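Notes follow the structure.
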Amino acid sequence: MAAEALFQPWSFKGLNLRNRLVMAPMTRSFSPDGVVTEEVAQYYRRRAAGEVGLIITEGTGVDRAASLNDRNVPRFHGEKELAGWKRVADEVHAEGGAIAPQLWHVGAVRSRDPEWKPEGGYDSPSGLSSPGKKFGEGMSEEAVADAIDAFARAAADAKRLGFETVELHGAHGYLIDQFFWDGTNEREDAYGSKDLPGRARFAGDILRAVRKAVGPDYPVIIRISQWKQQDFTVKMAPTPKALEAWLTALPDAGADILHCSQRCFWDPEFDGSDL
Ligand SMILES: Cc1cc2nc3c(=O)[nH]c(=O)nc-3n(C[C@H](O)[C@H](O)[C@H](O)COP(=O)(O)O)c2cc1C
């Protein structure tokens, strides 16, 4: 592929990128007590000054007590938190950049801080941090509904603050992915299923709620991965057909862009493929 293609502008639903280079979301843990600082705003501004087309921010927590497990990871709810994020977006725009917050709920992933305990306990589909490994309790239907709403509220806030688009973190074994993964989703209600498209219901409900909150003309991205931080070798969709059955549910529910995280981009996803 000719490298020049990367430097062509790209437009979609009002998201106007000066080139096709996108900065991957990267947790930096330098937002004390969950609030982004001036240092964080300048960090993102420097990337925009370097002319990256779109910045996807580090994962930032939605409004559930258990959405983060690190005091230095920024939240995306609350007055001072959102004021901080508006500052970040303004700084990036001053350099002609575009930016999306990556909306995150870590689910049942143990904190490095032994004192960390979210009020009301951890959120997860079935109280498992990885297959067979008990960690907290599975979410009630009420908690599931509240988590869905928390993503929708955060997306509405992102739009209101001037972010050009929003990304849902559906990858890497965090909450949304814990619902996708049969190893961590043993639910017997509508959010559990023997098949992967059935387990995409939670992501689908979030996408529908987000879409309702931001309207039809705002771009929505969801990040997905086969691999899990709990186990790099997991392949939930072993064939292109299974992958299609899983992923088709996501645009059907309102996703515009699928951000596929591979970890090892040089390995083809399926034998015999060059993709
Ligand atoms: C320091 C660091 C922090 C990261 N934090 C996040 C994060 O907050 N959200 C996320 O989706 N990925 C995160 N990642 C993963 C990267 O976005 C990316 O997925 C990884 O470098 C591999 O690239 P690929 O997924 O495109 O194959 C992080 C990576 C690094 C190196």
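Ratio of alpha-carbon Rg to the 2.2 N^0.38 Å globular estimate for the stretch 172-275, to two decimals, please.
With N residues counted in the stretch 172-275, Rg over 2.2 N^0.38 Å equals 1.08.
Write down Rg/Rh for the stretch 232-272, rounded to two decimals, with Rg from the C-alpha atoms and Rh from the Kirkwood relation over Cα pairs. Mind showing how you got there, number by number?
Numbers: Rg = 11.4 Å, Rh = 11.6 Å.
Answer for the stretch 232-272: 0.98.
Carbon and sulfur together cover what percent of the accessible area of the stretch 1-158 at a 1.4 Å probe radius?
50
Within the chain, which whole H helices from DSSP have a Cα span along their axis of at least 27 Å and a mean Kyte-Doolittle hydropathy of 0.5 or more, if any?
On the way: long enough: 141-161 (30 Å, 0.05).
The qualifying helices: there are none.
So if I take the alpha carbon set of the stretch 89-198, get Rg, then get Rh from the Kirkwood formula, what is the Rg over Rh ratio?
Radius of gyration relative to Kirkwood radius: 1.05.
Most mobile of 53, 132, 170 per a Gaussian network model of the chain (Cα springs, under 10 Å)?
132
Which percent of the accessible area of the stretch 166-275 is formed by carbon and sulfur heavy atoms (probe 1.4 angstrom)? Each step should come with its number before you reach the end.
Numbers: 2760 of 5140 Å².
About 54 percent, which is the carbon plus sulfur part of the accessible surface.
What longest region of the chain stays clear of trypsin sites (Lys or Arg not before Pro) that DSSP places outside H, G, I, E and B and that have at most 10 other Cβ atoms within 10 Å?
1-111
Net charge near residue 216: determine it from the other residues with C-beta under 13 Å of the C-beta of residue 216, scoring Lys and Arg +1 and Asp and Glu -1. List each step's numbers first, then the result.
Numbers: positive: 13, 159, 208, 211, 212; negative: 217, 256.
Summing Lys and Arg as +1 and Asp and Glu as -1 gives +3.
Would you mind getting the accessible area per residue of the chain, heavy atoms of the protein chains only, 1.4 Å probe, in Å²?
47
Any chance you could get the radius of gyration and Dmax over the Cα atoms of the chain, in Å?
Answer for the chain, Rg first and Dmax second: 18.1, 52 Å.
Please go through the stretch 87-179 and write out the chymotrypsin sites (Phe, Trp or Tyr not before Pro) that DSSP classes as loop and that have at most 15 other C-beta atoms within 10 Å.
116
Give the long-range amide H neighbours of residue 98: residues separated by 5 or more places, or on another chain, with amide H under 5 Å away, using H modelled in the peptide plane at 1.01 Å from N.
Result for residue 98 returns 55.
Only helical DSSP H runs with n ≥ 4 go in: add -39500 (n - 2.57) per run for the chain, normalise by residue count and round the 222 nm mean residue ellipticity to 500 deg cm²/dmol.
Details: 7 runs with 87 residues, N = 275.
Here the helix-only value at 222 nm equals -10000 deg cm²/dmol.
Could you give the distance between the Cα centres of the stretch 80-124 and the stretch 233-264, to the whole Å?
The stretch 80-124 and the stretch 233-264 have Cα centres spaced 24 Å from each other.
Would you mind checking the pairs 86/212; 13/241; 80/134; 212/241; 134/235; 159/194 and listing those with alpha carbons more than 32 angstrom apart? Please list the in-between numbers first.
Values: 86/212 22 Å; 13/241 29 Å; 80/134 35 Å; 212/241 29 Å; 134/235 22 Å; 159/194 36 Å.
From the list (86/212; 13/241; 80/134; 212/241; 134/235; 159/194), the Cα-Cα distance tops 32 Å for 80/134; 159/194.
Using the Cα centre of the chain as the reference point, and only Cβ charges (+1 on K/R, -1 on D/E), how large is the resulting charge dipole? Debye, rounded to the nearest 20.
The calculation lands at about 260 debye.
Can you bin the stretch 41-84 into rounded, prolate or oblate? Criterion: square roots of the alpha carbon gyration tensor eigenvalues sorted a ≥ b ≥ c, rounded for a/c under 1.5, prolate for a/b above b/c, oblate for the rest.
Verdict is prolate for the stretch 41-84.
Once the piece of chain linking residue 65 and residue 42 is laid out straight, how much longer is it, given 0.36 nm per residue of separation minus the C-alpha distance between them?
Value of the extension gain: 5.5 nm.
So in the stretch 24-178, what percent of DSSP beta bridges are antiparallel if you round to the nearest 5?
Just about 20 percent of them are antiparallel.
Among 35, 62, 234, which one shows the biggest mean-square fluctuation in a GNM of the chain, springs joining Cα atoms closer than 10 Å?
234
Per-residue accessible area for residue 259 at 1.4 Å probe radius, Å² rounded to 10?
That residue has around 40 Å² of solvent-accessible surface.
The values are calculated or read from the model by the stated rules, or taken from the named source; none is laboratory data. If you're wondering where the values come from, they're calculated on a predicted model, not measured in any experiment. Heads up, the Cβs are rebuilt from the backbone with ideal geometry, glycines too, and the neighbour counts pull from every protein chain shown. For the accessible areas, the whole protein counts, side chains as well, though only heavy atoms, and no ligand, DNA or RNA atoms are used. Shrake-Rupley method; radii C 1.70, N 1.55, O 1.52, S 1.80 Å.
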